[in-house]
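Novice: Got a structure here, written out as structure tokens. Questions coming.
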Amino acid sequence: MSIISKDISKAVALLTAEDIVAIPTETVYGLAGNIYSEKAIKSIFETKKRPFFNPLIVHIPSIDQLTDIAAYIPEKAQLLAEAFWPGPITLVLKKKAIIPDLITGGKDTVAVRVPNHPTTLELLNQLDFPLAAPSANPFSNISPTTAQHVETYFKDDIKMVLDGGACTSGIESTIIGFEGDEPVIYRLGSTAIEAIEAVVGNIEIKNTKEVSPDAPGMLARHYAPKTKTILTDNILEALKLHKNKRVGLITFQSEIDNPNIEVQIALSTSGDLAESASNLYDVLHQLDKMHLDIIIAEEFPNYGLGKSINDRLTRATK
Ligand code: TXA
Ligand code: MG
């Protein structure tokens with residue numbers, strides 16, 4: 001029997017009983033549990049096979065709960081929360097003592113956001129605790145953007161995926177930390193950097209574990225298909241190089257006429273970066289099921305959401 005269901009009250013019952021439930025957000029599906037339940041949080045880490053040092057994002061129903069979670073809110077954090085919540089920005093702030101160490105990997109900061117999905121906002125409003133939710137995929141695999149993706153990963157491990165349809169943004173939230181009171185980007189994501197800069201001015205990107213030990217989840221290989229994947233700014237050259245292989249091609253807009261290609265998908269024939277982002281993971285899931293020899297992906301324009309798409313494609317190639 002399918003574990004996919006639209007029944008919010010069933011999700012409330014499971015979560016209240018310290019169980020875990022996969023939930024929809026505008027970015028990707030999350031694997032959610034009560035932040036105050038050690039049982040639920042341990043079960044999230046075990047189900048994902050995620051190392052305990054990699055902390056979780058806390059999801060709250062509105063900006064009003066932020067002061068329950070964060071001990072200190074820099075002015076620019078407040079501005080960002082007001083500008084983008086509900087929406088795909090996660091803020092990493094000094095945590096209140098009540099936030100369990102298990103959530104934060106023992107750090108004194110906590111990641112928090114208000115997701116922009118009607119089903120999950122309704123769910124959060126019915127609960128009297130926030131939800132910790134990492135993306136609902138096994139550690140380092142492609143993130144899920146449909147209830148079916150989650151079911152494929154976890155049908156034997158969890159009782160329920162709350163169905164909220166396909167995720168509209170399609171890549172994870174942009175994560176912003178603070179050095180002193182100044183924001184820095186820890187993870188590129190569904191909110192374009194230019195939109196963030198319009199609110200808080202110039203912002204530095206510290207998008208790797210190497211330059212930012214404060215972002216423990218930024219592993220080089222992540223969001224990765226099992227099929228070997230390469231990223232190129234010269235598709236024809238790459239096709240020549242892999243000419244006797246079964247190739248799956250991902251492009252931004254264009255269709256390439258070449259007999260080597262077994263399957264090709266343009267992420268947005270109209271050249272829309274937001275549409276490309278929302279299609280990216282589903283296309284990777286699809287191609288990964290086809291047992292191709294190689295996935296060749298075209299580099300995206302390096303601005304707006306194109307920057308975030310290039311970041312995910314680069315991690316998929318490691
Ligand atoms: O869009 C999203 O953010 C999705 C949906 C479900 O909300 N969630 C998500 O969670 O992508 P996850 O666990 O896959 O990624 C969370 C990232 C990890 O890289 C983690 O290291 C980082 O957030 N993080 C969490 N707490 C942190 C903290 N206190 N300091 C620095 N980084 C933190
Ligand atoms: Mg993840």
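The values are calculated or read from the model by the stated rules, or taken from the named source; none is laboratory data. Because the structure is a prediction, the values reported are computed rather than measured. When we count neighbours, we look across all protein chains shown, and the Cβ atoms used for this are built from the backbone with ideal geometry, even at glycine.
Novice: With respect to the numbered conditions (1) crowded, with 19+ Cβ neighbours inside 10 Å; (2) within 16 Å of ligand 1 (Cβ to nearest atom); (3) not aromatic (F, W, Y), which one is the sole condition not fulfilled by A220?
Specialist: So A220 meets the others, but not (1).
Novice: Working carefully through the options P118, P144, P134, find the one that is under 14 Å from the mean Cα position of the chain (by Cα), more than 18 Å from I41 (Cβ to Cβ) and modelled with pLDDT of 95 or more.
Specialist: Going through P118, P144, P134 in turn, the sole match is P144.
Let's see how each residue does on (1) in contact (Cβ under 8 Å) with a residue 40 or more places away in the chain; (2) of a type in the set (F, W, Y); (3) out of contact with any Cys (no Cβ under 9 Å at 6 or more places or on another chain):
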| residue | (1), (2), (3) |
| --- | --- |
| F129 | yes, yes, yes |
| A133 | yes, no, yes |
| F154 | yes, yes, yes |
| M160 | yes, no, yes |
| G165 | yes, no, yes |
| E182 | yes, no, yes |
| V199 | yes, no, yes |
| E204 | no, no, yes |
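Novice: Let me ask you something else. So, of the residues in region 82-133 that are polar (S, T, N, Q) and more than 22 Å from I185 (Cβ to Cβ), which turns out to be surrounded by the most Cβ atoms within 10 Å (Cβ to Cβ)?
Specialist: Here the answer is T120.
Novice: Please go through region 129-158 and give me each residue that is part of a loop (DSSP other than H, G, I, E, B), more than 13 Å from ligand 2 (Cβ to nearest atom) and touching a strand residue (DSSP E or B) at 6+ places or on another chain (Cβ under 7 Å), ordered by number. Give the steps one after another, and end with the answer.
Specialist: Going through region 129-158, the residues part of a loop (DSSP other than H, G, I, E, B) turn out to be 129-130, 133-134, 136-140, 142-146, 155-158.
From the residues that got through so far, the ones that are more than 13 Å from ligand 2 (Cβ to nearest atom) too are 129-130, 146, 155-158.
The answer is F129, P130, I158.
Novice: May I pose another question? Of everything in region 99-112, what is over 19 Å from the mean Cα position of the chain (by Cα) and touching a residue at least 24 places away in the same chain (Cβ under 8 Å)? Give them in sequence order. Steps first, please.
Specialist: Start the filter on region 99-112 by keeping residues that are over 19 Å from the mean Cα position of the chain (by Cα), which leaves 99-102, 106-109.
Hits for region 99-112 are I99, P100, L102, G106, K107, T109.
Novice: Restricting attention to region 229-261, and to residues there that are exposed (fewer than 14 other Cβ atoms within 10 Å of the Cβ) and among the charged types (D, E, K, R), which single residue is nearest to S190 (Cα to Cα)?
Specialist: Only one residue fits best here, namely D233.
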